[in-house]
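Colleague: Please find one structure pasted underneath; my questions will follow.
Taken together, the values in this text are just the output of simple stated rules run on the coordinates, not laboratory data. All of these numbers come straight from a predicted model, not from anything done at the bench. Here the Cβ positions follow ideal geometry from the backbone for every residue, glycine too, while neighbour counts run over all protein chains shown.
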Amino acid sequence: MAKKKVGDILSVLSLLPVIISVIFFYLKRGPDFDIYFGITLFSILAIIGIIFAVVSLVWSKKRIFGWIGLFANILLLVYAFLLQLAMGIGEP
């Protein structure tokens, strides 16, 4: 498969971790949810999405999905960091 085709596929796949995280967030919220599992899942998905976005930016000619994926995954990683920070402040 050509690098351009792989780059196009990875640019669309870089958006998938953000979509999965949003769906997971709305399905598993509530008082009985383990927040640390959610933070870990958001972080892992964001890092995978960032890797896909960077590789797609290098290999693809259509860069708009790569930039959108990179921006969305960085926002997801910042959200996970702020959640971790809030849990650290909230515990005695």
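Colleague: What is the angle, in °, between the Cα long axis of helix 64-90 and the longest principal axis of the Cα atoms in the chain? Nearest 10 is fine, range 0 to 90.
Modeller: That works out to roughly 20 degrees.
Colleague: Put +1 on the Cβ of every Lys and Arg and -1 on every Asp and Glu Cβ in the chain; which of Leu82, Phe33, Val22 then has its Cα farthest towards the positive end of the dipole?
Modeller: Farthest along the dipole direction, towards plus: Val22.
Colleague: Which value, in debye to the nearest 20, gives the size of the charge dipole of region 3-90 about its Cα centre, when Lys and Arg are +1 and Asp and Glu are -1 at the Cβ?
Modeller: Computed about the Cα centre, the dipole is about 580 debye.
Colleague: So for Met87, Met1, fewest C-beta neighbours within 10 Å to most, what's the order?
Modeller: Met1, Met87
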